[in-house]
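**Student:** Following this message is one structure expressed as structure tokens.
The values are calculated or read from the model by the stated rules, or taken from the named source; none is laboratory data. What you are looking at is a predicted structure, and each value in this text was computed from that prediction instead of being measured. Glycine also receives a Cβ, built like all others from the backbone with ideal geometry; neighbour counts cover every protein chain displayed. Side chains are part of the model used for accessible areas, which takes the heavy atoms of the whole protein and leaves out ligands, DNA and RNA. Shrake-Rupley method; radii C 1.70, N 1.55, O 1.52, S 1.80 Å.
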Amino acid sequence: MRLAELSKRSGVSTATIKYYLREGLLAPGRRVNATTAEYDAGHLRRLRLVRALIQVGGVPVATARQVLAHVDDESLGRTMRLGAALWALPQDPEPDQADPAVAAARAEVDRLLGTVGWERARELAPLSPVHRSLVTAVAALRRLGYPVDAELMAPYAELMQRVARQDLDLLQSYASEAERVEAAVAAAVLFEPVLRALHRLAQEEESARRFGIE
């Protein structure tokens, strides 16, 4: 397809597509002549991911470029490729190591990982921005007087393990490795709000079943 058709099918203006091309967020098309290039389904799919990152997720262009570089890095295995791409997304800042709430939260998170048997997460904890985000969240709760501990978090972790299995089963439906990683990154930006909304709806439903609606 030519640039105009790519714009029409993606809903992205030609000017924005040219900007993405200049910034290295979109691979160049196959050159037909000096002024024309052909684009394919891969370009269309990548445009959707770029829009998810920048327009919905609010990810800066430089960060999006870094994420996409990991998505395209075929030298990495699937787990490392996906992990690198997700870790490159904007993350919480490093918590204050001198804060007693942070130390207590880290101890409970580490105890949780041992309880549920997440050995890979324990190995990567010193480097993982996701681990850091969990510690930060637990520390904030503890400061507010909500003593979240490993026992409280464990059932939620086990439920999220089921969600993760569902995620990876869904990714297997995509034809190529690049599509699977792209879909995982897009889901991290676009689908987490869906999970949050489902959680709240489930709470409303369960409350109505247990206590009625009066």
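**Student:** Which whole-number value in Å² is the accessible area per residue of the chain, probe 1.4 Å?
**Tutor:** 62
**Student:** Using a 1.4 Å probe and ignoring any ligands, DNA or RNA, find the accessible area of ILE213 and quote it in Å² to the nearest 10.
**Tutor:** Surface open to solvent at ILE213 totals about 150 Å².
**Student:** Which value, in debye to the nearest 20, describes the size of the charge dipole of region 89-135 about its Cα centre when Lys and Arg Cβ atoms bear +1, Asp and Glu Cβ atoms bear -1, and nothing else is charged?
**Tutor:** 160
**Student:** On to the next question. Taking the highest mean first, how do the peptides 111-120, 144-153 order by number of other beta carbon atoms within 10 angstrom per residue?
**Tutor:** Those peptides, ordered most packed to least, come out 111-120, 144-153.
**Student:** Grab the other residues whose beta carbon is less than 14 angstrom from that of GLU182, score K and R as +1, D and E as -1, and report the net.
**Tutor:** +1
**Student:** Give the ranking of ARG122, ARG200 by solvent-accessible surface, highest area first, calculated with a 1.4 Å probe.
**Tutor:** ARG200, ARG122
**Student:** If I compute solvent accessible area with a 1.4 Å probe over the protein chains, what percent of it on region 161-214 is carbon and sulfur?
**Tutor:** Ligands and nucleic acids excluded, carbon and sulfur reach 55 percent.
**Student:** Report ASP96's accessible area, 1.4 Å probe, all protein chains in place, as a number in Å² to the nearest 10.
**Tutor:** Estimated to the nearest 10 Å², ASP96 gives 100 Å².
**Student:** What is the magnitude of the charge dipole of region 1-156 about its Cα centre, with +1 placed on the Cβ of each Lys and Arg, -1 on the Cβ of each Asp and Glu, and no other charges, expressed in debye to the nearest 20?
**Tutor:** Roughly 920 debye for region 1-156.
**Student:** If one computes P(r) from the Cα atoms of the chain, what percent of pairs lie at distances over 25 Å?
**Tutor:** When every Cα pair of the chain is considered, 51 percent fall beyond 25 Å.
**Student:** Heavy atoms only, probe 1.4 Å: what % of the accessible area of region 2-83 goes to carbon and sulfur, would you let me know?
**Tutor:** About 51 percent, which is the carbon plus sulfur part of the accessible surface.
**Student:** Quote the accessible area belonging to TYR174 in square angstrom, nearest 10, computed with a 1.4 Å probe and with ligands, DNA and RNA left uncounted.
**Tutor:** 90
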